[in-house]
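Okay, so here's the structure we're looking at.
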Amino acid sequence: MPVDICSQQQHTNMISSLSGTTDTSLSLNALSLTSALPPTDPDHHPQYNMNKLCRQVSIESPGPGVKNCVFNFFVPIEDTPAHGARIKIVCAGACYRRRDRANSITSVSSVSSELSDYCPSVTSMSSPAHQGIREGSFFPGFEVAGVIESLGSEITEANNCGLRIGQRVIVYPFDETPAGYAELLVVPDLKYIVPIPDSMPMEEAAMLPTGALLAMHAVFKAEAVVTDILNQRAATDPNKKCKILIVGTGGLALWAVRIATYHFASTGAHNVDITVASLRDEGFRLATEIKNVSVVQWNECLYEPQLIERTKDVCGGAVDVVIDFGTTSRSLHRSMHCLSKGGVVLISEEVAEKLLPKFSRLSNEYQQEIIPISNGTVEQLAELVELVANKKIEPPPYSVFPCEQAAEVIQKLINSEIPGRAILRFHDIE
């Protein structure tokens, strides 16, 4: 079970226990309130003033023997940057950032959905981290929705980008996004802030900045590949359909199939077939609810050749494009065997650095291309907000929990007990 740890014992009465267990031997002295505050030396001039405290929650794995600890503490928060803003966080999606990849952001639901299938013993273990797939720390809070608490001193009507205090917004995950759930988030530049309409629930908005945006960028990249393929076939076989396989049924894959079905239909690309390779029973059920999409279940009890043959049968042959949200060599290897000669596999940048060297020889042998996909742009995030707000794209299922239940939520995600996404609520403004 996740362990609840408070770095400041004098503040334990200010924060509800998240798991009912407190291990003071693991308190974070380095994060003590006194040492975290700015120096009082008048000759010292820090870059930012920090005259306010806010609650922060971080779910981490400090060492091999201690996994998924929930840390609660109060931290000093920067004053509002002159050209930026400070956001009061209302909802935050459960996501993580790998310790070894500063800009790697992924939804926990996507990871847990894959772990349960690629690690046969994971359901009987206390934590899948022991399998060596999910390393490092959970730093939840990179998918946030909230309201603007304050604007910088240099912000005027001429340069406020149409933003105002009290406005509902989400935050694009910029490189130095502060780690951890917190009541407040400092944004250095208004260009990272995307307004959301009053009609959009905060819970839905909090799912958009990372998982949904990555899925959207992957679909856009797939469209470019599909367009090239269809253009090449126009003269010789114009009626042959282009086949896309989306691998995974966590938050990423569920967003991708929804975005893909809408996007290809809206652009008039009717000669595109979409299939989802489901990695678990729950994902299979969720995927089958989507219209005009075929579903094949990747049951790990079957031999690899059987799974590949089953996938090709459902797809009507080898596919042209695979969007693979798996995190393992096994997933990518299977995807490439389902792919036609000259086909393209799209994988997230997060796993590309690890997997590309292993598969370069195979991709050359099969004359296939493996393309890493980044998180997407601020402009794409604004477009995604509009599509979801106008009900053009339906969000995947999600469940909302008070932030005080963070420990229980993480444990349930690890055990794949929460369908779709998990959202933590910090404030109730609606």
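The values are calculated or read from the model by the stated rules, or taken from the named source; none is laboratory data. Here the structure is a predicted model, which is why all the values come from computation and not from measurement. Neighbour counts run over all protein chains shown; Cβ positions are idealised from the backbone, glycine included. Side chains are part of the model used for accessible areas, which takes the heavy atoms of the whole protein and leaves out ligands, DNA and RNA. Shrake-Rupley method; radii C 1.70, N 1.55, O 1.52, S 1.80 Å.
Out of the residues in the range 183-195 that are more than 15 Å from Thr80 (Cβ to Cβ) and surrounded by 14 or more Cβ atoms within 10 Å (Cβ to Cβ), state the one that is nearest to the chain's Cα centre (by Cα).
Filtering the range 183-195 for residues that are more than 15 Å from Thr80 (Cβ to Cβ) and surrounded by 14 or more Cβ atoms within 10 Å (Cβ to Cβ), the one nearest to the chain's Cα centre (by Cα) comes out as Val194.
In the range 385-399, what residues are open to solvent by 50 Å² or more (accessible area, probe 1.4 Å) and under 17 Å from Gly211 (Cα atoms)?
Listed by number, the residues that qualify are Glu386, Glu394, Tyr398.
If I filter the range 316-339 for residues that are in a strand (DSSP E or B), open to solvent by 10 Å² or more (accessible area, probe 1.4 Å) and small (Gly, Ala, Ser), do I get at least one hit?
no
Where the second residue is acidic (Asp, Glu) and the first is open to solvent by 100 Å² or more (accessible area, probe 1.4 Å) and lies in the range 153-182, which pairs have Cβ atoms under 8 Å and are six or more apart or on separate chains?
Final answer for the pair search is Ile165/Glu149.
Are there any pairs, at least 6 apart or on different chains, whose C-beta atoms fall under 6 Å, with the first in the range 227-241 and within 11 Å of Asn271 (Cβ to Cβ) and the second open to solvent by 70 Å² or more (accessible area, probe 1.4 Å), and if so, which?
Arg233/Lys240
Would you pick out the residues in the range 264-280 that are over 22 Å from Glu304 (Cα atoms) and among the aliphatic types (A, V, I, L, M)?
Ala265, Ala269, Val272
Output the residues belonging to the range 196-213 that are over 22 Å from Leu151 (Cβ atoms), surrounded by 24 or more Cβ atoms within 10 Å (Cβ to Cβ) and not hydrophobic (A, V, I, L, M, F, W, C).
Thr210, Gly211
Do the conditions hold for Lys354, that is, is it among the basic types (Lys, Arg), free of Cβ contacts under 8 Å to residues at least 12 places away in the same chain, assigned by the TED database to the domain that holds Val247 and open to solvent by 10 Å² or more (accessible area, probe 1.4 Å)?
Criteria met by Lys354.
Being of a type in the set (D, E, K, R), within 25 Å of Val226 (Cβ to Cβ) and out of contact with any strand residue (DSSP E or B) (no Cβ under 8 Å at 6 or more places or on another chain) narrows it down to one of Glu386, Glu404, Glu417, so name that one.
Answer to the selection: Glu386.
Keeping to the range 224-252, report how many residues are touching a helix residue (DSSP H, G or I) at 6+ places or on another chain (Cβ under 7 Å) and at pLDDT 90 or above.
Residues meeting the conditions: 6.
Output the number of residues of the range 219-240 satisfying the condition of being among the charged types (D, E, K, R) and crowded, with 17+ Cβ neighbours inside 10 Å.
2
Among the candidates Glu369, Glu404, which residue alone is open to solvent by 10 Å² or more (accessible area, probe 1.4 Å) and in the same structural domain as Val171 (by the TED database)?
The match here is Glu404.
Matching residues to (1) small (Gly, Ala, Ser); (2) modelled with pLDDT under 95; (3) outside any helix (DSSP H, G or I):
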| position | (1), (2), (3) |
| --- | --- |
| Lys341 | no, yes, yes |
| Glu350 | no, yes, no |
| Leu355 | no, yes, no |
| Lys358 | no, yes, no |
| Leu362 | no, yes, no |
| Glu365 | no, yes, no |
| Asn375 | no, yes, yes |
| Ala382 | yes, no, no |
| Val388 | no, no, no |
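Checking Glu365 against (1) in contact (Cβ under 8 Å) with a residue 12 or more places away in the chain; (2) farther than 26 Å from Ile290 by Cβ: exactly one of these is not met. Which one?
The one condition Glu365 does not meet is (1).
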